[in-house]
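To start, the structure itself, in structure tokens.
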Amino acid sequence: MARKKSRSGMWGRKTVVALAIILTAELVSGAPAKHPGVGKTSRDLENVSGSQMVDVIVQFKQTPTAFHHQKVRNHGGSLKGELGLIKAGAYRMPASAIKNLADDDDVAYVSPDRPLTSMSTPINDYHTLSINAPAAWNVGLDGSGIGVVVIDSGIVRWSPDLNSLNMSSYNVVPGASTYDEYGHGTHVAGIIAGTGASSSGFGYTYTFKGIAPGAKIYSLKVLDKNGVGTDSQVIQAINSVIQYKDVYNLRVINLSLGRGVYESYTADPLCQAVEAAWRAGIVVVVAAGNDGRNNAIGTNGYGTINAPANDPYVITVGATNTKGSSTRSVQVPASYSSKGPSLWDQVVKPDLVAPGNLVISLYQQGAGLQLSNQNPNNVVPYSLYKTFGSSVGSSSYFILSGTSMAAPMVSGAVALMLQKNPWLTPDQVKARLMKTAYKGMAKSATVTDTSTGGSYKVQSDILTVGAGLLDIQAALLNNDLAPAIAGSALSPVAKVNSAGNVVATVNGSSVLGGSSILWGSSILWGSSSLSGVDIQGNSILWGASSLQADSILWGSRSVNSDSILWGASILWGSNSGAPDASNGSLGDN
């Protein structure tokens, strides 16, 4: 129930142009585009000039000191904030001085302090049933003792549905209240740890409960009343999480926010920050983005993963549509969910998917709140879940859609896993989630957006659903251990041939790629192009017949015999695509 960017698009005109350039260079010609990290300034600074003042993040080759800050001042700049986590600082300086500053030997990279937004779309309970959350609750797991940090727009001042604390009322939005002035962060927090207290008891017909209702929610506010923040604000928040992780047992960060990709993750300051958290032992869960409908350059939404979801360390989550049912096999990818591979680096993303369409979670009430005021029809009527005395009271719940809502589903699942096995490292958590993800989703479907009337073709391929649908029960039952070393479960990288087809995945020593074949016998798309043309016919991805039988990727042939993930453990196994034992339907939503 997280809020990532709105489906209307985080991709502006300049970003679409950049997308066209990169995909043309790398996916069509097969030749790698010039790595943006070769230069010392990002491409989106090339068009700024003159005396105009620009907010930038300057990464140095060492943690900056007063000496380094003075160098920026010598160029007419001023320090806005320390970003020691990534050996950087946030500054405001004249555009005309950027090039000269970048030429300094102590400077590693200069990029704008870019704006970012939440990843939800305003428009149950089938969602928790379809990912097997009740299996955890039935054995007493609720996330107790685990601290989950929601870096977002803040959370509600008080709610009976949240066992929540604000970490030192931390807020990096200048002049803003510590509490949620937008509504997105509250919704996300409810998906992770809502207790359902406002919809439980006599006369209630539905209980809207989060995935890990016993987890402690710590809110770090980086998005303002309009759902907008900046890179430097998020980096400062991540730095605080690392500082206090042992004090509050902060094990998970949820980022239902993001922006476009402008350079390789190896240079992007936001990506460097999430990697620092990962190396510190914190699981970072990030919404993939809501640009899956972007067909501006004819890719049908492929290549639209947002930052920092493009980083190979983190767990990147796409969204599915439950189709109003708890039956997992009927779920399809949400048409707006961003698809891989990532720009510049061709990282195979998302890593897995979770329900993110029409999700009901906590409602931040109050005058002036943009999210609820602009979308009054999304407020869940009190009468929907309270039959006795339905004329009294007001709603505590709200409906949102987006990968922002899918990411907290996974964050809640991670809290459950860490409650059961506190010693699991981020890489071990990620590998288990991907290995046990449900592989039997509908291969393809045509979906219609009732609000716009638009029709979209969706398919459950590797660059849309990753390893598959979150399965909490299977993840909790799995005992396989990836190496504990940070980076042992890096997301694979797509290998593109001269025809522009993805033909293999590679990733060095990662258990999710390299010598251990994650996705099949190295052929993913066969004669099918990245845009998905002919994906079900001539493509090796699905084979010539059914998903469960003849597919080289998911079926019972070479994957089960040749692909070994760790030691003697079969990566996907012959039963990984078995249908859900509980195929009941609760109706349409």
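A few points about this structure:
- So residue 494, is it farther than 27 Å from residue 188 by Cα, assigned to a strand (DSSP E or B), of a type outside the set (D, E, K, R) and within 22 Å of the chain's Cα centre (by Cα): yes
- When segment 174-225 is limited to residues that are β-branched (Val, Ile, Thr) and at pLDDT 90 or above, the one that is nearest to residue 137 (Cα to Cα) turns out to be 211.
- Candidates 201, 260, 227, filtered to the one that is under 17 Å from the mean Cα position of the chain (by Cα), at positive phi and assigned by TED's automatic domain parsing to the domain that holds residue 424: 227
- Residue 306 being among the polar types (S, T, N, Q), at pLDDT 95 or above and in contact with a helix residue (DSSP H, G or I) (Cβ under 8 Å, 6 or more places away or on another chain): no
- The set of residues from segment 185-235 being in a strand (DSSP E or B) and either buried (at least 24 other Cβ atoms within 10 Å of the Cβ) or of a type in the set (Asp, Glu) (or both) comprises 217, 218, 219, 220, 221, 229, 230.
- Residue among 417, 434 that alone is touching a helix residue (DSSP H, G or I) at 6+ places or on another chain (Cβ under 7 Å) and part of a helix (DSSP H, G or I): 417
- The set of residues from segment 218-264 being in contact with a strand residue (DSSP E or B) (Cβ under 8 Å, 6 or more places away or on another chain) and of a type in the set (Lys, Arg) comprises 221, 245, 251, 259.
Every residue, every condition in (1) in the same structural domain as residue 346 (by TED's automatic domain parsing); (2) at pLDDT 80 or above; (3) part of a loop (DSSP other than H, G, I, E, B), yes or no:
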site	(1), (2), (3)
30	no, no, yes
54	no, yes, no
57	no, yes, no
62	no, yes, yes
68	no, yes, no
73	no, yes, no
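- Test result for residue 14, assigned to a helix (DSSP H, G or I) and modelled with pLDDT under 50: yes
- Residue in segment 366-382 that is among the aromatic types (Phe, Trp, Tyr), modelled with pLDDT under 85, farther than 27 Å from residue 511 by Cβ and surrounded by fewer than 24 Cβ atoms within 10 Å (Cβ to Cβ) present: yes
- Residues within segment 453-468 that are over 24 Å from the mean Cα position of the chain (by Cα) and under 13 Å from residue 336 (Cα atoms), tallied: 2
- Residue in segment 315-331 that is out of contact with any Asp or Glu (no Cβ under 8 Å at 6 or more places or on another chain), farther than 14 Å from residue 356 by Cβ, assigned by TED's automatic domain parsing to the domain that holds residue 348 and at pLDDT 95 or above present: no
The values are calculated or read from the model by the stated rules, or taken from the named source; none is laboratory data. Note that the coordinates shown come from a computational prediction; the quantities given were computed from them, not determined experimentally. As a convention, Cβ positions derive from the backbone with ideal geometry for all residues, glycine included, and neighbour counts pool all protein chains shown.
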